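The values are calculated or read from the model by the stated rules, or taken from the named source; none is laboratory data. Just so it is clear, the structure is predicted and the values come from calculations on it, not from any experiment. Reconstructed Cβ throughout: ideal geometry from the backbone, glycine too, with neighbour counts over all protein chains shown.
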């Protein structure tokens, strides 16, 4: 793999999609310097939406018409939050891609939470804690209002324990299947009893009368635990770092779990997420994953918008993402979005072609570059594709119309799988 291919591969994985100019700059700086720059912490957003939840602001005696109006405003608030986040993705680098990773990892849906401010607050937690030691992140997420609502934590009381949050925290978020027992789930649920969400203030608090404060045996330890000591047990567990390494490799590496020796090498970086992500990108096996990872629709769309220089406001991204099968803030389940071939169906290919046609129509300047005898090379450069397969090249060679060529390039296997 050439230096340019190495840098292009790195930037394709760490960001939503590099431009050719960004790859050029990365080649000049070198692989290590480019990696370090991408992993540098980003400033928190200064333009995040800040409106209160209109439904939560209503009093108990609000009229039906007022409630209907508030619910409509609530839906519009969610839509605007999605648009704001997509604009931020298009303008950001690795930091925002990592926020999106955590959103898919701690998969929480606004369909049930029904609050843009709570979903945005969870995002801010990912931005604040998601780049460092996982201890503070897990502590914050165990008291995150959106996650508590999503996994029925507010129904978890001393008299009627609900195990959803405790189970998913261990199975999907921190340890993985096989690292805990059903008794651990029951004990964890008892530790998490009593947390209630106040939608009006956007906060969660522990209600003592609903909390079970009796000692439990949890993950091999016996005692009286609170949210923070439970979080500490999770992140200190021997299964935690290898589990996180696997999740990072699946989303940033090959789409499948890494070999045991790769997992062990990366896990040596410890619990710091930035260090782990750096270890993934420095591992000798990382370069060999080129051409194996299927882009999620959000990654595909945001990358195309960046490379074509199209303002996100003009794209009407929600209209394009809906048929592609992915929408920020709306993961299909607590397990998050699928990986790999699930995004490569016949219907998804047609959806990418239609979306590509829409994007090409919005990018005449980019399309104008695709008129010469070297138009296929120019297309590869524009879309930061290493090269075309013989089959794709044969399909593209006869296409003379620049806009159609661009749309077909965006729908090609080489662009969908990077």
Scanning the range 181-206 residue by residue, the ones that are assigned to a helix (DSSP H, G or I) and more than 15 Å from residue 149 (Cα to Cα) total 9
Quick one: residue 96 ticks every box in (1) free of Cβ contacts under 8 Å to residues at least 40 places away in the same chain; (2) under 15 Å from the mean Cα position of the chain (by Cα) except a single one, so which number is it?
(1)
With surrounded by fewer than 23 Cβ atoms within 10 Å (Cβ to Cβ), in contact with a helix residue (DSSP H, G or I) (Cβ under 8 Å, 6 or more places away or on another chain) and either part of a loop (DSSP other than H, G, I, E, B) or on the phi > 0 side of the Ramachandran plot (or both) as the only criterion, which of 131, 81 stands out?
131
Could you please find all residues in the range 280-329 being surrounded by 15 or more Cβ atoms within 10 Å (Cβ to Cβ), over 27 Å from residue 78 (Cα atoms) and under 19 Å from the mean Cα position of the chain (by Cα)?
280, 281, 293, 294
Hey, can you tell me all the residues within the range 214-225 that are out of contact with any strand residue (DSSP E or B) (no Cβ under 9 Å at 6 or more places or on another chain) and either within 18 Å of residue 163 (Cβ to Cβ) or not in a loop (DSSP other than H, G, I, E, B) (or both)?
214, 218, 219, 221
Selection from the range 162-180 of residues in contact with a helix residue (DSSP H, G or I) (Cβ under 8 Å, 6 or more places away or on another chain), surrounded by fewer than 19 Cβ atoms within 10 Å (Cβ to Cβ) and not in a helix (DSSP H, G or I) yields 162, 163, 176, 177, 179
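For residue 137, indicate whether it is in contact (Cβ under 8 Å) with a residue 12 or more places away in the chain, touching a strand residue (DSSP E or B) at 6+ places or on another chain (Cβ under 6 Å), buried (at least 17 other Cβ atoms within 10 Å of the Cβ) and in a helix (DSSP H, G or I).
Numbers: in contact (Cβ under 8 Å) with a residue 12 or more places away in the chain: yes; touching a strand residue (DSSP E or B) at 6+ places or on another chain (Cβ under 6 Å): no; buried (at least 17 other Cβ atoms within 10 Å of the Cβ): yes; in a helix (DSSP H, G or I): yes.
No, not satisfied.
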Select, from 40, 28, the only residue that is part of a loop (DSSP other than H, G, I, E, B), modelled with pLDDT of 90 or more and more than 21 Å from residue 120 (Cα to Cα).
40
Test set (1) touching a helix residue (DSSP H, G or I) at 6+ places or on another chain (Cβ under 8 Å); (2) free of Cβ contacts under 8 Å to residues at least 40 places away in the same chain; (3) part of a helix (DSSP H, G or I) - residue 257 fails condition number:
(3)
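Results for (1) closer than 20 Å to residue 5 by Cβ; (2) in contact with a helix residue (DSSP H, G or I) (Cβ under 8 Å, 6 or more places away or on another chain); (3) modelled with pLDDT of 95 or more; (4) buried (at least 20 other Cβ atoms within 10 Å of the Cβ), shown as yes or no for each residue.
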site: 381; (1), (2), (3), (4): yes, yes, yes, no
site: 390; (1), (2), (3), (4): yes, no, yes, no
site: 393; (1), (2), (3), (4): yes, yes, yes, no
site: 400; (1), (2), (3), (4): no, no, no, no
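Kindly evaluate residue 380 against the criterion of being within 28 Å of the chain's Cα centre (by Cα) and on the phi < 0 side of the Ramachandran plot.
Details: within 28 Å of the chain's Cα centre (by Cα): yes; on the phi < 0 side of the Ramachandran plot: yes.
For residue 380, the condition - within 28 Å of the chain's Cα centre (by Cα) and on the phi < 0 side of the Ramachandran plot - is met.
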Helices (runs of 4 or more DSSP H) fully within the range 315-418 counting 2 or more residues that are over 30 Å from residue 120 (Cβ atoms)
346-361, 364-367, 375-383, 390-397, 402-410, 413-416
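From the list 228, 272, which residue is touching a strand residue (DSSP E or B) at 6+ places or on another chain (Cβ under 8 Å) and either surrounded by fewer than 18 Cβ atoms within 10 Å (Cβ to Cβ) or modelled with pLDDT under 95 (or both)?
When all the criteria are applied, what remains is 272.
For residue 18, state whether it is modelled with pLDDT of 95 or more, surrounded by 13 or more Cβ atoms within 10 Å (Cβ to Cβ) and part of a loop (DSSP other than H, G, I, E, B).
Values: modelled with pLDDT of 95 or more: yes; surrounded by 13 or more Cβ atoms within 10 Å (Cβ to Cβ): yes; part of a loop (DSSP other than H, G, I, E, B): yes.
Criteria met by residue 18.
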